[in-house]
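This report concerns only the one structure given below.
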Amino acid sequence: MISTPICDILGIRYPIFQGGMAWISDGKLAGAVSEAGGLGIISAMNANADYLRGQIKIARELTDKPFGVNIMLMSPFADEVAQVVAEEKVAVVTTGAGNPSKYMKAWIEAGIKVIPVVASVSLARLMQRVGATAVIAEGGESGGHVGDLTTMVLVPQVASAVTIPVIAAGGIGDGRGVAAAFMLGAVGVQLGTRFLVANECGVHQNYKNKVLKANDIATMTTGKRLGHPVRSIKNPYTKEYFRLEYSSISDEELEAYGRGSLYRAAVEGDEKTGCFLAGQIAGMVNREQPAKEIIEEIFREAEDVLNGATKWVK
Ligand code: TUI
């Protein structure tokens with residue numbers, strides 16, 4: 001059975017995190033993943049304190065096991081949700097899309113294990129210095145907000161630069177990816193897109209269908225001009241956004257065009273004006289499954305690979 005230091009540190013059975021996906025990862029999905037032995041993570045996204053308290057309550061009704069909350073640092077409510085996780089004494093906080101240093105002291109004093117997402121070695125080093133329990137090194141194969149480096153080059157460089165555990169994310173969709181992450185120096189993985197089609201995931205069915213139908217080249221990144229590149233499934237919205245990005249419209253107009261597009265995809269399932277964030281592994285996802293089955297299948301595959309199922313080594 002695969003068990004790594006992060007399993008002991010967090011008290012989880014499998015070293016697998018379910019990524020905190022905005023408008024997607026709610027208390028129901030996080031509760032199911034944690035109950036199945038992984039680390040479920042609620043996304044605090046752009047919502048306020050009341051929303052987050054409600055989702056934490058839902059997760060606690062589904063499981064006694066630890067779960068996490070992801071704080072998207074660009075959210076206008078980041079300060080207030082940062083306080084909620086401390087008050088609620090959530091087991092784990094992950095952060096994304098920024099530098100969480102200003103919250104670290106309060107979270108650590110509340111006994112929270114803080115595991116920031118990093119897209120560079122320098123931020124990983126800083127996070128270790130300010131008391132992070134571990135870091136998630138996320139490559140640009142992931143869905144949503146992406147950094148420049150790929151998982152293949154980011155994970156080993158972060159693993160060499162810090163002594164705290166490293167979780168690999170971006171481009172991992174099955175047991176082969178998990179085994180590869182271990183080879184690169186990670187002690188765990190975070191998967192988003194694969195959990196998006198979990199039965200317990202309440203995202204709009206059109207969103208799930210888009211991921212199920214996607215092939216290897218179905219995603220693209222947009223948003224570089226405003227400094228926040230985002231990976232999503234190509235559709236009329238992303239193609240128009242890409243065109244506008246290289247046109248003469250102002251930054252304000254471009255931002256206005258993007259506003260609400262993830263809500264329209266995840267909640268309304270709007271295929272024309274929605275932005276369907278997904279990682280490059282969308283091409284590997286072809287059926288809906290319960291979260292428990294996803295986790296168990298991935299770790300069976302990873303064990304097979306690690307036990308020498310790779311046909312090249314004699
Ligand atoms: O955060 C994510 N993925 C996300 S956030 C999101 S919501 C959003 N909507 C519109 C625009 C932007 C975001 C959708 N998907 N993943 C974690 C992640 N964090 N990936 C990359 C980073 C990252 C990048 C740069 C973390 C820190 C960083 O630099 C911090 C600094 O200031 O040094």
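No value in this document is a laboratory result; all are computed from the given coordinates. Values in this document were obtained by computation on a predicted structure and should not be read as measured data. Note that each Cβ is placed from the backbone with ideal geometry, even for glycine, and that neighbours are counted across all protein chains shown.
At-a-glance table
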| quantity | calculated |
| --- | --- |
| Close pairs (9 angstrom Cβ cut-off, 6 or more residues apart or separate chains): touching a residue at least 24 places away in the same chain (Cβ under 8 Å) in the stretch 63-82, within 13 Å of the ligand (Cβ to nearest atom) and assigned to a helix (DSSP H, G or I) anywhere | Ile71/Ala78; Met72/Ala78; Ala82/Lys102 |
| Tally, over the stretch 198-249, of residues that are within 15 Å of the ligand (Cβ to nearest atom) and part of a loop (DSSP other than H, G, I, E, B) | 5 |
| Hits in the stretch 106-124 (condition: more than 16 Å from His145 (Cα to Cα) and free of Cβ contacts under 8 Å to residues at least 24 places away in the same chain) | Ile108, Glu109, Gly111, Val114, Ser122 |
| Residue list for the stretch 164-197, filter: touching a Lys or Arg at 6+ places or on another chain (Cβ under 8 Å), in a helix (DSSP H, G or I) and farther than 23 Å from Leu62 by Cα | Gly175 |
| Residues satisfying the stated conditions in the stretch 284-314, i.e. touching a strand residue (DSSP E or B) at 6+ places or on another chain (Cβ under 7 Å) and among the polar types (S, T, N, Q) | Gln289 |
| 1 or more residues within 16 Å of the ligand (Cβ to nearest atom) and closer than 30 Å to Val305 by Cβ: qualifying helices (runs of 4 or more DSSP H) within the stretch 1-88 | 27-35 |
| Selection from the stretch 96-146 of residues that are on the phi > 0 side of the Ramachandran plot and more than 10 Å from the ligand (Cβ to nearest atom) | Gly111, Gly131 |
| Search result, residues across the stretch 259-293 that are surrounded by fewer than 18 Cβ atoms within 10 Å (Cβ to Cβ), closer than 20 Å to Gly20 by Cβ and within 16 Å of the ligand (Cβ to nearest atom) | Gly260, Tyr263, Val267 |
